[in-house]
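What follows is a short report on a single structure.
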Amino acid sequence: MVLNTDLPRAITSAEIATYQNDGVVLLPEMFDAGWIELLANGLAANCENPTDRSRVWDRDAEGRTMFWDSQAWQGIEQYRRFIFDSPAGQIAGELMGSTHINFFFDAVFVRSAGTQFTTPWHQDEPYWSVEGYDTCTIWMPLVQVKRENALAYVPGSHRSDTVFYQYNFGNLNPDGKTDVDQVDFSGIAEKVFPDIDANPGSFGVVSWDMQPGDCVVFNSRIIHGGSGKLDKDRELRVFTTKWLGDDVRIKFRECGMDPDHSAIMTEQGLKPGDRPGKDLYPRVWSRT
Ligand SMILES: O=C(O)CCC(=O)C(=O)O
């Protein structure tokens, strides 16, 4: 399989400005068919051999499921190849204007055909074992997805300083898995989470029709959610990667973390205030 390790085209200054102003940008046709085939094979292997962290987030009466896994890259060669050899790290670095990019973790969101479950609206970085503005996700559907079923975003919300009461994803556990990460923002939240679904238009919500090879890059502080409600013949297989830029430092949060990396960070000698690094968070790109 031939894999193009270079960007298929330059990222434009307009795309960088959109990412910085809105906190989210659609980049069409950034990964060619070779990368998509590789990741599709990796995701199939991941679903067959999930990590201990994986779980079903939703299972309905008809047996349709939403499956999630995270930080599977160390065991899945196809993911490793993507992380180290694809242009993804460069895309993150150019959009965030960073000098260095470290890889944080992968997460997959796999909905079987017709799944109605929708991802609750949330921000990512408040849940994480790091803190920083320069954090982003590359969201890649490995199958075609319609705008109304894709992940949606509230442009500009990444710049809000308000500490919202965020959803506890640990509640999504129909199979009663033990040792699931939990968060409780009640001690620190300043406001209830905005009710985006009540009036998406007033929040300027955006999302896009996407093909395999397209990606959306979003700042990890942006409010996002709403993906799902699939047609009965449509599945949704999404591979995401999370990237860390210049200002990011390790932070252990009393409200809980999801995914909670504090134990594995500590095992590797990483502590609050450190720059994430070592084998766990490899540096994959530097501006030359
Ligand atoms: O794809 C989804 O439904 C959720 C993705 C998401 O929330 C994320 O990558 O942070």
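The values are calculated or read from the model by the stated rules, or taken from the named source; none is laboratory data. Being a predicted model, the structure only gives us computed values, none of them experimental. For neighbour counting, all protein chains shown are included, and Cβ atoms are generated from backbone atoms with ideal geometry for every residue, glycine included.
A few notes on this one:
- The lone criterion from (1) within 13 Å of the ligand (Cβ to nearest atom); (2) within 24 Å of D260 (Cβ to Cβ); (3) touching a Ser or Thr at 6+ places or on another chain (Cβ under 9 Å) left unmet by E190 is number (1).
- Residue within the range 230-239 that is free of Cβ contacts under 8 Å to residues at least 24 places away in the same chain and farther than 15 Å from S70 by Cα present: no
- Residues of the range 279-288 satisfying the condition of being assigned to a loop (DSSP other than H, G, I, E, B) and surrounded by 15 or more Cβ atoms within 10 Å (Cβ to Cβ): L280, Y281, P282
- Subset of the range 194-205 [touching a residue at least 60 places away in the same chain (Cβ under 8 Å) and either buried (at least 18 other Cβ atoms within 10 Å of the Cβ) or more than 30 Å from R147 (Cα to Cα) (or both)]: I196
- So M30, is it crowded, with 18+ Cβ neighbours inside 10 Å, modelled with pLDDT of 95 or more, touching a strand residue (DSSP E or B) at 6+ places or on another chain (Cβ under 9 Å) and assigned to a strand (DSSP E or B): no
- When G170, G213 are checked against the criterion of being within 26 Å of G132 (Cα to Cα), among the small types (G, A, S) and at pLDDT 95 or above, a single residue qualifies: G170.
A quick yes/no check of all residues on (1) under 17 Å from P212 (Cα atoms); (2) buried (at least 19 other Cβ atoms within 10 Å of the Cβ):
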position	(1), (2)
P120	no, no
E125	no, yes
T137	yes, yes
P141	yes, yes
T162	no, no
K177	no, no
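- Of the strands (runs of 3 or more DSSP E) entirely within the range 93-182, those holding at least 2 residues that are near the ligand (Cβ under 10 Å from one of its atoms), farther than 24 Å from T18 by Cα and in contact (Cβ under 8 Å) with a residue 24 or more places away in the chain occupy 100-111.
- Just so you know, in the range 83-107 the residues that are crowded, with 24+ Cβ neighbours inside 10 Å and of a type in the set (V, I, T) include one that is nearest to A33 (Cα to Cα), and it is I91.
- Matching residues, the range 1-27, being outside any loop (DSSP other than H, G, I, E, B) and not β-branched (V, I, T): S13, A14, E15, A17, Y19, Q20, N21, D22, L26, L27
- Top-ranked residue of the range 222-240 - restricted to ones that are of a type in the set (D, E, K, R) and surrounded by fewer than 20 Cβ atoms within 10 Å (Cβ to Cβ), ranked as nearest to the ligand (Cβ to nearest atom): K229
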